[in-house]
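Visitor: Right, I'll just put the structure down here and ask away after.
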Amino acid sequence: MKNTIGESLSVTLFGESHGEGVGCVIDGIAPGIAVDEDVIAKYLSRRRPHGKTETARCEPDEFKIISGVFNSRTTGSPVCIMIPNVDVRSGDYEYGVARPSHADYAAHVKYHGYEDYRGGGHFSGRITAALVAAGGIVIPALENIGVRVGTHILRCADVCDRPFGDVAADISLLNSKAFPVLDEGAEEKITAAIAAAAADHDSVGGAVQTAICGIPAGVGEPWFDSVESMLSRALFGVGAVKGIEFGAGFDGCRLRGSAYNDALRIIDGKVVTATNSNGGINGGITNGMPVLFNCAVKPTPSISKPQQTVDFVAGRETELIIHGRHDPAIIRRICPVIDSVAAIVTADLLAMRYGTDVLLNGVGK
């Protein structure tokens, strides 16, 4: 089982949903990076469930940094963060009865029945708490060198938020809000759509949009280590993500080249593009414009409607009604997860281009 992403700066995940806890190891991070535990707690709070339209399982996420930080600064050695699990109800899960659209059966086959099945074990969305904790270190480090990341709900069920406009201003707006939308009326409509699904014992999915601004031109590689490739590989590690598109994405495929192409200009001595259909990336390399991408987020697979499935231990078909505590939509809670993954990949790309001290000293210093 491989659980590490990154080349120069890497993050390894560990833990299970109903085990002792979850956590991460951040390796390759420069010494001297400021670590504010209040900021990490703030990011974890954004991921935690809030209100009646989200899961009743509410872990306090009282994390502990057990290595790699001294006097609130990274030491250069691996940073290990542990987040205990305290709000578990393992009796809600029955081994052998596969939950549709979960990893239960596939994991059983691959790991010969030795996997921890409780709450999805290592395949659970609970593990994303560790990613967000890592983001609580990496995101502020990026901000200190002028690189900012923001994610908002672009669509949930049939309700849409507006796309990014002034990216820098919109990221600032998102950082000031508990519910990650840009339009004022979107929160109420999205919450209503989720509540309607929950009342029907069902769930909904949607799409989120992410922007990374402040990345200089010239970061990334062509072909298989392109910026798109590196981001996509990491983002698809988040189990709910089922599709990614950059810039204009699939909608851009309906345009003619004359409408799609990003005209280049020089403003204040800097090369910019008039539009951003390519999402800030050309030939796999950043062009200095904001990197923009959308992620498709599937409906939460745990629903309390009767579903057809199999008992793979008994070798028979059966019907399942899932019990336990689950989100009718994870679209809000996934936004800080996507932020963290995007930040980790961005930091790794910058470190490969400018050296491991880039988060400490910035680009060209």
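Where a number appears in this text, it was derived from the coordinates with a stated rule and is not lab data. All figures in this text were calculated on a predicted structure; none of them were measured in a lab. All Cβ positions, even for glycine, are placed from backbone atoms using ideal geometry, and neighbour counts span all protein chains on display.
Visitor: Mind checking the log10 I(q)/I(0) for segment 95-163 at q = 0.19, 0.20 Å⁻¹? Debye, one equal scatterer per Cα, no solvent, two decimals.
Guide: Per q value, in the given order, log10 I(q)/I(0) is -0.86, -0.87.
Visitor: Can you compute the helix-only [θ] at 222 nm over the chain? Use -39500 (n - 2.57) per DSSP H run of at least 4 residues, normalise by all residues, nearest 500 deg cm²/dmol. Write out the running numbers ahead of the final one.
Guide: On the way: 9 runs with 96 residues, N = 365.
Here the helix-only value at 222 nm equals -8000 deg cm²/dmol.
Visitor: Does segment 237-365 come out rounded, prolate or oblate, given a ≥ b ≥ c as the square roots of the eigenvalues of its C-alpha gyration tensor, rounded meaning a/c under 1.5 and, failing that, prolate meaning a/b above b/c?
Guide: On the way: a/c = 3.39, a/b = 1.93, b/c = 1.75.
Since a/c reaches 1.5 and a/b is larger than b/c, the shape of segment 237-365 is classed as prolate.
Visitor: In addition: Tell me, what is a quarter of the convex hull surface for the C-alpha atoms of segment 202-306, in nm² with one decimal? All intermediate terms of the calculation are to be shown ahead of the outcome.
Guide: On the way: hull surface 33.4 nm².
Reported value for the Cα convex hull: 8.3 nm².
Visitor: Now a separate question. For segment 1-143, evaluate the Debye formula with one uniform point scatterer on each Cα (no solvent term) and list log10 I(q)/I(0) at q = 0.10 Å⁻¹, rounded to two decimals.
Guide: For segment 1-143, the Cα-only Debye profile gives -0.38.
Visitor: Shifting gears a bit: Let me make sure I get this right: for segment 128-174, a, b and c are the square roots of the gyration tensor eigenvalues over alpha carbons, sorted descending. Under 1.5 in a/c it's rounded, otherwise prolate if a/b > b/c, else oblate. Which is it?
Guide: Working: a/c = 4.49, a/b = 1.41, b/c = 3.20.
Cα axes put segment 128-174 in the oblate bin.
Visitor: While we're on this one: Looking at the calculated P(r) for segment 271-346, what percent of the C-alpha pair distances fall above 14 Å? Numbers along the way, then the final one.
Guide: Numbers: 2132 of 2850 pairs.
When every Cα pair of segment 271-346 is considered, 75 percent fall beyond 14 Å.
Visitor: Let me ask another. Just from the alpha-carbon atoms, what are the Rg and Dmax of segment 137-252 in angstroms?
Guide: 16.0, 50
Visitor: Continuing with this model, one more query. Hey, got the dipole for the chain? About the Cα centre, +1 on K and R Cβ, -1 on D and E Cβ, debye to the nearest 20?
Guide: Around 300 debye, computed over the chain.
Visitor: Anyone know which of TYR95, TYR117, TYR105 comes out most mobile in the 10 Å Cα GNM of the chain?
Guide: Maximum among the listed residues: TYR95.
Visitor: Stokes-Einstein diffusion coefficient for the chain at 20 °C in a medium of 1.002 mPa s, Rh from the Kirkwood formula over Cα pairs: what value in µm²/s?
Guide: Values: Rh = 21.4 Å.
Estimated via Stokes-Einstein, D reaches 100 µm²/s.
Visitor: Among the lysines, select those whose C-alpha is under 18 Å from the C-alpha of LYS2, and discard any that sit fewer than 8 residues away in the same chain.
Guide: Cross-link targets: LYS110.
Visitor: Take the residue pairs LYS42/LYS177; LYS64/LYS242; LYS189/LYS298 and return only those whose Cα atoms are more than 22 Å apart.
Guide: Numbers: LYS42/LYS177 12 Å; LYS64/LYS242 32 Å; LYS189/LYS298 19 Å.
In this structure, LYS64/LYS242 exceed 22 Å between Cα atoms.
Visitor: Taking the Cα centre as origin and putting +1 on Lys and Arg beta-carbons and -1 on Asp and Glu beta-carbons, what dipole magnitude results for segment 314-360, to the nearest 20 debye? Walk me through the numbers before you get to the answer.
Guide: Values: 5 positive and 6 negative charges, 20 e Å.
Using Cβ point charges on Lys, Arg, Asp and Glu, segment 314-360 gives about 100 debye.
Visitor: Given the C-alpha centroids of segment 299-320 and segment 153-194, what is the distance between them in whole angstrom?
Guide: Answer, in whole Å: 34.
Visitor: Could you work out the relative contact order of segment 90-132, using alpha carbon pairs under 8 angstrom and six or more residues apart, expressed as a whole percent? It would help to have the intermediate numbers written out before the result.
Guide: Details: 23 pairs, mean separation 15.4, N = 43.
Computed over segment 90-132, the figure is 36 percent.
Visitor: Going by how many other beta carbons lie within 10 Å of each one, how would you line up LEU9, LEU44, fewest first?
Guide: Details: LEU9 26, LEU44 22.
Fewest-to-most ranking of LEU9, LEU44: LEU44, LEU9.
Visitor: Ok, one more. So which aspartates and glutamates can LYS270 reach, going by Cα to Cα under 16 Å and dropping same-chain residues fewer than 8 places off?
Guide: Reachable aspartates and glutamates: ASP262.
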